Amino acid sequence: MFTGIVEERGRVASVVPLGDAIRVTISARDVLGGTQHGDSIAVNGVCLTVVELSETSFSADVMQETLDRSSLNAASAGSQVNLERAARLDSRIGGHLVQGHVDGTGTVTAIEPSEHWTVMRFSLPDGLGRYVVEKGSITVDGVSLTVVDAAMDSFSVSLIPTTLQVTTLGDRRVGDHVNLEVDAIAKYVERLMEWRDA
């Protein structure tokens, strides 16, 4: 479980094909503190398990299901990624409860800068629009954000300068793909209503 508060930007050092998976090695600094083999680190919002660890990097295996559902299928050496260690039960939750289970990818469709913030709009893949509500929470590339407005096929968020500086969202351009995770509570409520009506 994560909070969507990015701790640092890492850099993809290498991507090694493993047939139906890849092993990605990421250079990092802050998230390595206290990290051990088997720990979870969110990479652009994708929960990955540390399988190798050094003083300057960690490696994780990414299976086909994750490659099919996330933008990690386009990871390459030099790419910058948002990193967050798993949340601790005794710490503050600055964002919202994030599982690290990407629901799909969206595309940046518009960027509107202003003096003190930037509005970004993203497309939504089919089927996710019903989980996104105005002033609700959504995770974009591992960043916990508040929805400004929501349509069935898109949504927008307002980003403060700090978010643009410390996450990869500041580098995003129109047409770029991003990982999306909707608020899990909405999915659970929907499932419970289905069982009630069955």
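The values are calculated or read from the model by the stated rules, or taken from the named source; none is laboratory data. This structure is a prediction, so every number in the text was calculated from the model and none was measured. Methodologically, a virtual Cβ is constructed for each residue, glycine included, from the backbone with ideal geometry; neighbour enumeration extends over all protein chains shown.
The table for this structure:
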read-out: Those residues of the range 143-183 which are among the small types (Gly, Ala, Ser) and surrounded by fewer than 18 Cβ atoms within 10 Å (Cβ to Cβ), in sequence order; value: 151, 154, 158, 170, 175
read-out: Residue in the range 130-151 that is in a helix (DSSP H, G or I) and out of contact with any Ser or Thr (no Cβ under 8 Å at 6 or more places or on another chain) present; value: yes
read-out: Filtered residues of the range 129-143 (kept if without any contact (Cβ under 8 Å) to a residue 40 or more places away in the chain and over 17 Å from residue 188 (Cα atoms)); value: 134, 135
read-out: Lone qualifier among 42, 77 - being under 13 Å from the mean Cα position of the chain (by Cα) and among the small types (Gly, Ala, Ser); value: 42
read-out: Cβ-Cβ under 8 Å pairs, at least 6 apart or on other chains, the range 174-198 side more than 30 Å from residue 112 (Cβ to Cβ), far side at pLDDT 90 or above and charged (D, E, K, R); value: 190/130
read-out: Matching option when the condition is surrounded by fewer than 15 Cβ atoms within 10 Å (Cβ to Cβ) and either in contact with a Phe, Trp or Tyr (Cβ under 8 Å, 6 or more places away or on another chain) or modelled with pLDDT of 95 or more (or both), among 61, 39, 30; value: 30
read-out: Selection count where residues are crowded, with 18+ Cβ neighbours inside 10 Å and assigned to a strand (DSSP E or B), scope the range 77-103; value: 6
read-out: Which listed residue is farther than 21 Å from residue 166 by Cα and in contact with an Asp or Glu (Cβ under 9 Å, 6 or more places away or on another chain), from 104, 100; value: 104
read-out: Of residues in the range 81-120 being out of contact with any strand residue (DSSP E or B) (no Cβ under 8 Å at 6 or more places or on another chain) and acidic (Asp, Glu), the one modelled with the lowest pLDDT; value: 90
read-out: Matching strands (runs of 3 or more DSSP E) fully within the range 8-56 where at least 2 residues are without any contact (Cβ under 8 Å) to a residue 60 or more places away in the chain; value: 8-17, 21-27, 46-53
read-out: Condition met for residue 146 (modelled with pLDDT of 95 or more, among the polar types (S, T, N, Q) and in contact with an Asp or Glu (Cβ under 6 Å, 6 or more places away or on another chain)); value: no
read-out: From the options 67, 72, residue that is part of a helix (DSSP H, G or I), within 14 Å of residue 180 (Cβ to Cβ) and touching a residue at least 24 places away in the same chain (Cβ under 8 Å); value: 72
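Yes/no matrix, rows are residues, columns are (1) out of contact with any helix residue (DSSP H, G or I) (no Cβ under 6 Å at 6 or more places or on another chain); (2) under 20 Å from residue 13 (Cα atoms); (3) assigned by TED's automatic domain parsing to the domain that holds residue 173:
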residue	(1), (2), (3)
73	no, yes, no
91	yes, no, no
111	yes, no, yes
122	yes, no, yes
126	yes, no, yes
140	yes, no, yes
152	no, no, yes
